[in-house]
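The values are calculated or read from the model by the stated rules, or taken from the named source; none is laboratory data. All values reported here derive from a predicted model rather than from experimental measurement. Here the Cβ is made from the backbone with ideal geometry for all residues, glycine too, and neighbour counts use every protein chain on show. Accessible surface areas use protein heavy atoms only, side chains included; no ligands, DNA or RNA. Shrake-Rupley method; radii C 1.70, N 1.55, O 1.52, S 1.80 Å.
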Amino acid sequence: MIKFLDNKLFRYLSFFLFLNSAVLPVNSSSALAAWGIKTNGVLELRTKSNTNLKAYFQKANQIYGDRFWVDFPGELKSPRTIKGNGAIKEIRLGKPNKGKTRLVIEFKEETYLKPLNWRMVGLDKNKWIIKLFNPKKSFKMIGEGLVENRKRNVKANQNSNYKKKSNYGYLKLPEVKRNKFSVVIDPGHGGPDPGAIGIGGIRETDVVLEVSKIVKDLLSEKGVNVFLTRKNEIDLDLPPRVSFANNKDADIFVSIHANASRGKRRDINGLETFYYRGWRGRSLAKRIQQQILRVSPGSPDRGVKQGRFYVIKNTRMPAVLVEIGFLTGRLDARRLEKTTHRKRLAYAIAKGILEYLNRVG
Ligand SMILES: [Zn+2]
């Protein structure tokens, strides 16, 4: 459907840098004294006082799952690997180069991490915490050494930090003025045209119709007037979709599709959003793309692009066409067949739309 582009498999994100006063001499032993990942998904670290920490996150690629790591000054004596459980595949302690210690936490696939919301909090001169994930199933604590500093009331401190953070609610949908906006959602294909057929016979028409209906419900709850170009498996050509949107005089038009790669390559996954022209269309596309990526960890960001698709070219309002993943891709297909993931995508699309309506109108 869409031509193959180089996947940005190594989307690299380095996002914390702590500059405290003293840097330890390179030859000293590791500044990492103890660490633990608690049953609530919080990583706790105890270090030497006033340690410089650097933490990084890297999205999954073909070799590794999502990884979070922290570098500490001072060389680790004995590199080791510790088996994980639940969402965590394994923990590795190593020396990436002379005089350094690295603690790597590698996650399993299908762990929906939200690294953009992560905050490393220094509780003390020698203690750090960061909430990495919300365990879905029971997660057994992993760790080495004693992190807890019994002299201080660390618990109280920690709770207050997390209370603030929980308000971030990355899926919380923004409010917009009720009954002000109308949106046309266009589930691609339909009827005799199933669209892309993916692994195990999964059909684009079914996936995008379900996602579109959930988007409609979510937006309706926020007081947006939503119109679907189709509600079931009917044969619907492209021009009627466009005239439908133009006649409704909708504020925006969002066409929802799923991708297939040429040759049905299972290693091609990813999300992309197209607009035809104008900063409004681009802004809408960017917001949707950003949100769908957040619920699709490990799936490559194929970007926001200009595309000359009929439905976005001929509609008169800001219009985008979103490709929510490759039905032919191993990673995406396995997710797209599940209603839970379709709901997440619908939430993400609704959030992008509401953000746009909120800011741009
Ligand atoms: Zn399609």
Under a plain spin-label model, where a point goes 7 Å from the Cα along Cα-to-Cβ, how far apart in nm are D249 and W279?
2.5 nm
Over the chain, with neighbouring protein chains present, the accessible area per residue in Å² at probe 1.4 Å is 47 Å²
Evaluate the distance, in nm, between pseudo-label points positioned 7 Å from the Cα of L146 and of T340 along their respective Cα→Cβ axes.
3.8 nm
Provide the per-residue ³J(HN,Hα) series for the range 192-202, in order, calculated from phi with Karplus coefficients 6.51, -1.76, 1.60 and θ = phi - 60°, each as a whole number of Hz, with x at glycine and proline positions.
x, 9, x, x, 5, 10, x, 4, x, x, 4
Rounded to the nearest 0.05, what FRET efficiency do K180 and K264 have when you use their Cβ-Cβ distance and R0 = 51 Å?
0.70
Amide H proximity to A33 below 5 Å, modelled H, separation 5+ or other chain, gives R46, T47, K48
Give the carbon-plus-sulfur fraction of the accessible surface of the chain in %, rounded to a whole number; probe 1.4 Å, heavy atoms of protein chains only.
50 percent
Rg(Cα) of the chain divided by 2.2 N^0.38 Å?
1.13
Go through K108/K216; K305/K343; K136/K213 and tell me which ones have a Cα-Cα distance over 28 Å in this structure.
K108/K216
Tabulate in residue order the Karplus-calculated ³J(HN,Hα) for the range 91-96, using 6.51 cos²θ - 1.76 cosθ + 1.60 with θ = phi - 60°, rounded to whole Hz; enter x for Gly and Pro.
10, 10, 10, x, 10, x
Phi to ³J(HN,Hα) by Karplus 6.51 cos²θ - 1.76 cosθ + 1.60 over the range 319-327, Hz, x for Gly, Pro:
9, 9, 10, 10, 10, 8, x, 9, 5
Above-threshold pairs, the threshold being 30 Å between Cα atoms, out of K59/K98; K137/K264; K59/K248:
K137/K264; K59/K248
5 angstrom amide H check on I88, placed H, neighbours 5+ away:
K108
